Every structure is written in C-alpha cells, then in structure tokens.
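K.L.:
What follows is a single structure, and I will ask about it in a moment.
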Amino acid sequence: MNRCPQCNITLYHNEEVCPLCSCVTAEVSKEEETRLSTLFGERSFYPNTRKRQRILRFVLKLVLFIFVVAEIIMVTINYMTHVSYPWSLITGLSLIYIYLFLAYWVTYDSGFAAKVGFQLMITMLFLLGIDYANGMHGWSLQWAIPGIILLGDGIVFFLMILNKSRWQSYLLLLLLMAICSLTILGLYFAGKIEMFLMPLICSGVSCLSSFGAILFGGKTAEHELKRRIHI
C-alpha cells in the first residue's frame, strides 16, 4: 500500500503517483498496512485506478486507430482530387500533434473538455492559416477542417462514455463543433467555397450529436446549458 501525503488517502494498488492530485506517494509501513487490512479487509479499494487506466489505454489505442484511418482517407482524397498542394501532409502532422497532447491529457485530465476544445480550435486555425498563406485554395474549409471536426465529434463521444458521471461537461464542446461546421456550410451557400460534401456530412454529424445529447440528456443537459450559457 502507498499513501498520498497531500490527499491523505491510502492506495491499495501501490500507485507511485496519486490519481487525484498527481503527487508522489509514500510507502505505508507494514504495521499500518496490517492495521488497515484488519479494519477494512482486502476488498476495500480506494480509489480503484487500474480499471480506469485500462479503459484510458484502450481509448488511446482506439483514437490512434481512428487517426490512422482518417489520415489514409485524407491522403486518398488529396490524391483523387488532383490538388497540387499536399494538404494531407498538414492534416497528418496535425493529427500527430493532437494525439500526443491527448495522450498527455489522459494522464492529467483535469479540465479535459476545455483542453480538447482549445486544441481542436488551434488545429483548425493552423490549417486555415496555412491554406491562406499559400493562396487560399480552399482545401482547409472543404476537407481538412471538416475532417478535424468529425474526429472531434468521435473523441467527445468516447470521452462521454469514459466519463459517464460528468458527460455533460462535454456538451458545450459538441455545440461549438456544430457551430463551426454550420459556419463552413454557410460559406458554401455564400459562394466562398466550391465543394460541400464534407461540410454537409460534418454539419449533419455534429448537429445530430448535439441534438441527441440535449434530447437524451434531459434535466442534466438542461442544467448544464443553463449553467454554462444561461439558456
């Protein structure tokens, strides 16, 4: 057994770092371990971190698989549309960037929804900036950014499953991605971009995800919206 000196809790799985505050733990003496085992028994696990860690590792592997498949699709689209600029290389680097930070945030997951949302927005602005700097060919708005939004929807879906007790904290992020996707679709109808397939798919998935979360979330979703945006 180990004990966190900051939280003052005993960890039955000998974790070297406290899962609550990330403080380095200290080993419990044999006398104290015997006393705790006598009082609480062998099944008194607090907190049970190993199950959560297994789930987190699975989610990271799943996200990596999705990112690899997504990049293959992006490279195929880049090749088949005969665009001279290799924008799929940029999306690949962006996905690597997101995955590395996602792996870090899984370990330190406080404020996870805000961090993921911020990272997605930075990536979208990064792609838009590269497109603009190279003559604004439109690949960022027609393919790359909608693809990032779809990946964001997938990430949020799995995070909601992973954090069932506080799934509503990701609702605002879903709404933000829906707004971004509708904005891109609006640019098509305004004549600013030529192709609408990916923006349409992206808008449909994001809006349906947001609507479904609000509809099935019931009072929990309603309370979260009132707390966040006062509606």
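The values are calculated or read from the model by the stated rules, or taken from the named source; none is laboratory data. Computed from a prediction, not measured in an experiment: that's the story for all the values here. Neighbour counts run over all protein chains shown; Cβ positions are idealised from the backbone, glycine included.
K.L.:
Quick one: would you say Phe196 is over 23 Å from Glu224 (Cβ atoms) and not charged (D, E, K, R)?
P.N.:
Against the criterion (over 23 Å from Glu224 (Cβ atoms) and not charged (D, E, K, R)), Phe196 qualifies.
K.L.:
Condition (residue is outside any helix (DSSP H, G or I) and modelled with pLDDT under 85) applied to segment 220-230: is it met by at least one residue?
P.N.:
Looking for residues that are outside any helix (DSSP H, G or I) and modelled with pLDDT under 85, one finds at least one in segment 220-230, hence yes.
K.L.:
Oh, and also: In segment 50-103, how many are closer than 23 Å to Lys164 by Cβ and either basic (Lys, Arg) or surrounded by 13 or more Cβ atoms within 10 Å (Cβ to Cβ) (or both)?
P.N.:
17
K.L.:
Right, here's the next one. Just give me the residues in segment 65-84 being aromatic (Phe, Trp, Tyr) and closer than 23 Å to Met121 by Cβ, in sequence order.
P.N.:
Of everything in segment 65-84, just one residue is aromatic (Phe, Trp, Tyr) and closer than 23 Å to Met121 by Cβ, namely Phe67.
K.L.:
Filter segment 185-228 down to residues that are within 21 Å of the chain's Cα centre (by Cα) and of a type in the set (Val, Ile, Thr) and give me whichever is farthest from Thr81 (Cα to Cα).
P.N.:
Thr220
K.L.:
I've got another one for you. Inside segment 168-189, can you point out the residues that are farther than 17 Å from Leu125 by Cα and in contact (Cβ under 8 Å) with a residue 40 or more places away in the chain?
P.N.:
Those that are farther than 17 Å from Leu125 by Cα and in contact (Cβ under 8 Å) with a residue 40 or more places away in the chain: Gln168, Ser169, Tyr170, Leu171, Leu172.
K.L.:
Which ones in segment 190-212 are surrounded by 14 or more Cβ atoms within 10 Å (Cβ to Cβ), without any contact (Cβ under 8 Å) to a residue 40 or more places away in the chain and among the aliphatic types (A, V, I, L, M)?
P.N.:
Leu200
K.L.:
Separate question: Looking at the structure I just gave you, is Tyr85 modelled with pLDDT under 70, part of a loop (DSSP other than H, G, I, E, B) and not aliphatic (A, V, I, L, M)?
P.N.:
Criteria not met by Tyr85.
K.L.:
When segment 213-231 is examined, which residues are found to be surrounded by 13 or more Cβ atoms within 10 Å (Cβ to Cβ) and not aliphatic (A, V, I, L, M)?
P.N.:
Gly217, Thr220, Glu222, Glu224, Arg228
K.L.:
I've got another one for you. Are any residues in segment 115-148 in contact (Cβ under 8 Å) with a residue 24 or more places away in the chain and closer than 22 Å to Phe58 by Cα, and if so, which ones?
P.N.:
Correct list: Val116, Gly117, Leu120, Ile148.
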